[in-house]
Amino acid sequence: MELNYLYITVLVILSIAFIIGMLRFIKGPTASDRVVALDTISIIATASLVFMGYIFNRYIYLDVALIYGVLGFIGVIIIARYLEGAL
Amino acid sequence: MIIYVVIFSILAVLLVASALFAIIQKDLLYAVIATGVISLILSVMFFILQAPDVALTEAAIGIALTTIVFVITIRNTTRNEDEKEINSK
């Protein structure tokens, strides 16, 4: 797992994207902003998990990202149905 | 290796920030969304600590089951924290 400059650049960009998503989550005035921020952070975390699994060179680590890809939208859908008033 | 320490520190600060947000917030739906964010950050931290099975369990439980149970609870009770006390007076 030798880190070259490409990997470090990608990790830094993913961290900045994570921080920006968290800023929107903390600032966002309505519930919809926060739910969309949660979804965005979830997708960024999935991408970073895949990338770190590639850096660690162990492909069994991709299962965590797979679980996030499969289950990540369920919480967003439940909160959206609650905001719609149809739950 | 220093880049993992930096990322881990950033995630720890964000974890404490969202935990404080979940405690202070009076609207309980926002607190539930903050719980989902806490679970997400914890999962990435477990992943960096080379524990992918713990991260797997945390992801499956935290993002799906906890959110569903808490939202159904909010649906059956009240959304705002102070509303119950006003109604009881």
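Residues that are of a type in the set (A, V, I, L, M, F, W, C) and in contact with a helix residue (DSSP H, G or I) (Cβ under 9 Å, 6 or more places away or on another chain) within the stretch B:1-19 comprise B:ILE3, B:VAL6, B:ILE7, B:PHE8, B:ILE10, B:LEU11, B:ALA12, B:LEU14, B:LEU15, B:ALA17, B:ALA19, listed in sequence order. A:ILE60 - would you say it is surrounded by fewer than 19 Cβ atoms within 10 Å (Cβ to Cβ), under 25 Å from B:ILE61 (Cβ atoms), among the hydrophobic types (A, V, I, L, M, F, W, C) and facing chain B (nearest Cβ under 10 Å)? Yes, satisfied. Assessment of the stretch A:23-40 against the conditions (basic (Lys, Arg), at pLDDT below 90 and under 17 Å from B:ILE48 (Cα atoms)) yields no matching residue. Quick check on my filter: what residues within the stretch A:28-63 are within 12 Å of the chain's Cα centre (by Cα) and either hydrophobic (A, V, I, L, M, F, W, C) or at positive phi (or both)? Once the filter is applied, which keeps residues that are within 12 Å of the chain's Cα centre (by Cα) and either hydrophobic (A, V, I, L, M, F, W, C) or at positive phi (or both), the stretch A:28-63 yields A:VAL36, A:ALA37, A:LEU38, A:ILE41, A:ILE43, A:ILE44, A:ALA45, A:ALA47, A:LEU49, A:VAL50. Listed by position, the helices (runs of 4 or more DSSP H) contained in chain B that have at least 2 residues being within 10 Å of chain A (Cβ to nearest Cβ) are B:2-24, B:28-48, B:52-60, B:66-76. Annotation: A:VAL10 fulfils all but one of (1) within 22 Å of B:GLN25 (Cα to Cα); (2) in a helix (DSSP H, G or I); (3) more than 7 Å from chain B (Cβ to nearest Cβ); the unmet one is (1).
The values are calculated or read from the model by the stated rules, or taken from the named source; none is laboratory data. A quick note: this is a predicted structure, and the numbers were derived from the prediction, not measured. Glycine gets a Cβ as well: all are built from the backbone with ideal geometry, and neighbour counts include every protein chain shown.
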